[in-house]
Amino acid sequence: MSELLPLSRAARLVGVSRGQVQRKIKEGKLQTFEGMVRPADLLRAFPHKSLKTDDPNLKRVAEIRENAYGRRLRDTVLPDAEVLAARLKALSGELTGAIRQRNIYRDIIAGLRQQLADGGEPAADLLYWLERQLSTIGLPDDESGAIEIEDQLLRVMAAQVRLQPSGHDFFVEGQDSILDAALRAGLAMDYGCSNGNCGLCKGRILKGEVKKTRHHDFVIPEAEKSQGYVLLCSHTAVTDLLVEAEEAESASEMPRQEVRARVKRLELLGTQDAILHLQTPRNQRLRFLAGQSARLSARGEEAELGIASCPCDDRNLQFHLHRGENFADKALELHPNDYVDLVAPQGSFVLRDDSPRSLLFVAFGGGFARIKSLVEHAMSLDAAESMHLYWVATADTGHYLHNLCRSWDDALDDFHYRPVAADSALDPAKLAGDIATRQREFLDFDVFVCGPRELAEPLAAVMRDRGLPENQLRVEFSER
Ligand code: FES
């Protein structure tokens, strides 16, 4: 039975975000051993947390994430029978060994206790010392035993994958491919077709067992196969894995793509705003980073728009439209199954990879589109300690997705949403002052500001003046 838990699994077991586990580590309240934690230490750090996977908080967060990302509802969450059988076999072997070992230790300790008790006065100190040691470090007690069993159950339902060299980890659930699971976890994997044709998703299995889930046309040379290379889009994880695979480290590594997407639907939000939902072909998804934009053309008009959805759902794309703009007015005439041509991605308004800081987002008006993508991506990465969103209404655009932001705030303990009325935006110093007061300054945050230049730029300038380092500030200008 495993004694140490990777951080992602530990966070799942106690129903908190990985960022909250990392905060405990940073505060010195939770000890790590090469990035892993002990179950007993975890329980001491989160004594009030339930170990049950049906924890309502966990469920609420899972639900809101499902809604946020527009993921398919998974009615078939179980891995396929062969994968389940292989995982159960591996676990039953581990369990048998662990139980045997634990029983031996219990017997030895019981025997030792008895012998010391029989030894009378001369052995009393030693017996006292033994009892103290046992009460400090303890034989596995019921609670830490429970967390280990919970861990084993999770391992049946989901295999954990750790990537090299990044150290990122994620879970493969149900019948997902390794690639799909990584994308859903917000990782910027290297891939192309998602369909077994291009070979770009090739990764090397360093440890663990995989299973091919579909035929692929791309042929991996025998020499590479023997070294453990597989297509991550065509394999699932049977056991926990260690995988060597490429990930993009910056926006500039994203390849330029041309995709013809289909209109799925137009969602009207009041009289002025709408969401254009597009779907890419199954074998030509759009690879992008949250916060980037795309050039859209349809019906003779084109425009550069921020992508308002999460890269963790790379087939279903969203764009926000506002009546009165040339492209938006044309796009509002589109029907389901009409086509829109995309050239993407562009821009470097993206999350900082592996930054440990909390995130502060300030959206002005329609700048919310890119901010929404960043927020959803940060949720899927599950690494930020906390997230704070200020959405400033502008003369053009109100809080057209106010309920969505409220639902994030309600569902996630460490997400805080604050809508700001338009007049506050007119004085950037006052807005920055308000934010600084609420956040007890923002110098410890990674800050993302998106909106029309005349609003975003002055706010960024005030933040710089107040001492926010340049490498913690990203600013993007939007049309409205
Ligand atoms: S992404 Fe093209 S083969 Fe896997």
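The values are calculated or read from the model by the stated rules, or taken from the named source; none is laboratory data. Quantities reported herein were computed from a predicted structural model and do not represent experimental measurements. Heads up, the Cβs are rebuilt from the backbone with ideal geometry, glycines too, and the neighbour counts pull from every protein chain shown.
Note on region 432-480: residues that are buried (at least 18 other Cβ atoms within 10 Å of the Cβ), over 30 Å from Arg323 (Cβ atoms) and of a type in the set (D, E, K, R) amount to 1.
Residue count for region 185-196 satisfying the condition of being in contact with a helix residue (DSSP H, G or I) (Cβ under 7 Å, 6 or more places away or on another chain), near the ligand (Cβ under 7 Å from one of its atoms) and farther than 13 Å from Met254 by Cα: 1.
State which residue is farthest from the ligand (Cβ to nearest atom) when the search covers only region 197-222 and only residues that are touching a residue at least 24 places away in the same chain (Cβ under 8 Å) and outside any loop (DSSP other than H, G, I, E, B). Result: Lys207. Could you say whether any residue in region 236-246 is in a loop (DSSP other than H, G, I, E, B), among the hydroxyl-bearing types (Ser, Thr, Tyr) and in contact with a helix residue (DSSP H, G or I) (Cβ under 6 Å, 6 or more places away or on another chain)? Checked against the condition, which is being in a loop (DSSP other than H, G, I, E, B), among the hydroxyl-bearing types (Ser, Thr, Tyr) and in contact with a helix residue (DSSP H, G or I) (Cβ under 6 Å, 6 or more places away or on another chain), region 236-246 yields at least one hit. Any chance region 232-254 includes a residue that's within 18 Å of Gly208 (Cβ to Cβ), touching a residue at least 12 places away in the same chain (Cβ under 8 Å) and of a type in the set (D, E, K, R)? Checking region 232-254: at least one residue is within 18 Å of Gly208 (Cβ to Cβ), touching a residue at least 12 places away in the same chain (Cβ under 8 Å) and of a type in the set (D, E, K, R). Exactly one residue out of Val243, Val259, Val263, Val238 is surrounded by 14 or more Cβ atoms within 10 Å (Cβ to Cβ), within 17 Å of Gly186 (Cβ to Cβ) and either assigned by TED's automatic domain parsing to the domain that holds Thr397 or among the β-branched types (Val, Ile, Thr) (or both), and it is Val243.
Residue-by-condition table, conditions (1) modelled with pLDDT of 95 or more; (2) over 30 Å from Leu5 (Cβ atoms):
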{"position": "Cys193", "(1), (2)": "no, yes"}
{"position": "Pro221", "(1), (2)": "yes, yes"}
{"position": "Gly228", "(1), (2)": "yes, no"}
{"position": "Leu232", "(1), (2)": "yes, no"}
{"position": "Glu246", "(1), (2)": "no, no"}
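The numbered conditions (1) in a helix (DSSP H, G or I); (2) of a type outside the set (A, V, I, L, M); (3) under 21 Å from Ala182 (Cβ atoms) are all true for Asn403 except (3).
Just so you know, in region 286-303 the residues that are among the charged types (D, E, K, R), in a strand (DSSP E or B) and in contact with a helix residue (DSSP H, G or I) (Cβ under 9 Å, 6 or more places away or on another chain) include one that is surrounded by the fewest Cβ atoms within 10 Å (Cβ to Cβ), and it is Glu301. Taking residues in region 346-367 that are in contact (Cβ under 8 Å) with a residue 40 or more places away in the chain and farther than 17 Å from Arg480 by Cβ, and partners anywhere that are β-branched (Val, Ile, Thr) and part of a helix (DSSP H, G or I), the pairs with Cβ atoms closer than 6 Å and at least 6 places apart or on different chains are Phe361/Ile371. Residue count for region 426-442 under the criterion of being of a type in the set (Lys, Arg) and either in contact with a Lys or Arg (Cβ under 6 Å, 6 or more places away or on another chain) or in contact (Cβ under 8 Å) with a residue 12 or more places away in the chain (or both): the result is 1.
Of the residues making up region 247-267, not one is within 14 Å of the ligand (Cβ to nearest atom) and assigned to a helix (DSSP H, G or I). Here Asp313 clears all of (1) surrounded by 23 or more Cβ atoms within 10 Å (Cβ to Cβ); (2) under 16 Å from Val259 (Cα atoms) except the condition numbered (1). Within region 95-102, identify whether any single residue is touching a Pro at 6+ places or on another chain (Cβ under 9 Å) and modelled with pLDDT under 85, and answer yes or no. Looking through region 95-102, at least one residue is touching a Pro at 6+ places or on another chain (Cβ under 9 Å) and modelled with pLDDT under 85. Is it the case that Ile178 is within 21 Å of Ala11 (Cβ to Cβ) and within 14 Å of the ligand (Cβ to nearest atom)? Here the answer is yes, as Ile178 does meet what is asked. Per the listing Ala369, Ala363, Ala294, the residue uniquely farther than 30 Å from Val16 by Cα, at pLDDT 95 or above and among the small types (Gly, Ala, Ser) is Ala294. Going through region 326-363 one residue at a time, which ones are in contact with a helix residue (DSSP H, G or I) (Cβ under 9 Å, 6 or more places away or on another chain) and in a loop (DSSP other than H, G, I, E, B)? Within region 326-363, Gly347, Ser348, Phe349, Val350, Leu351, Arg352, Ser355, Pro356, Arg357 meet the criteria.
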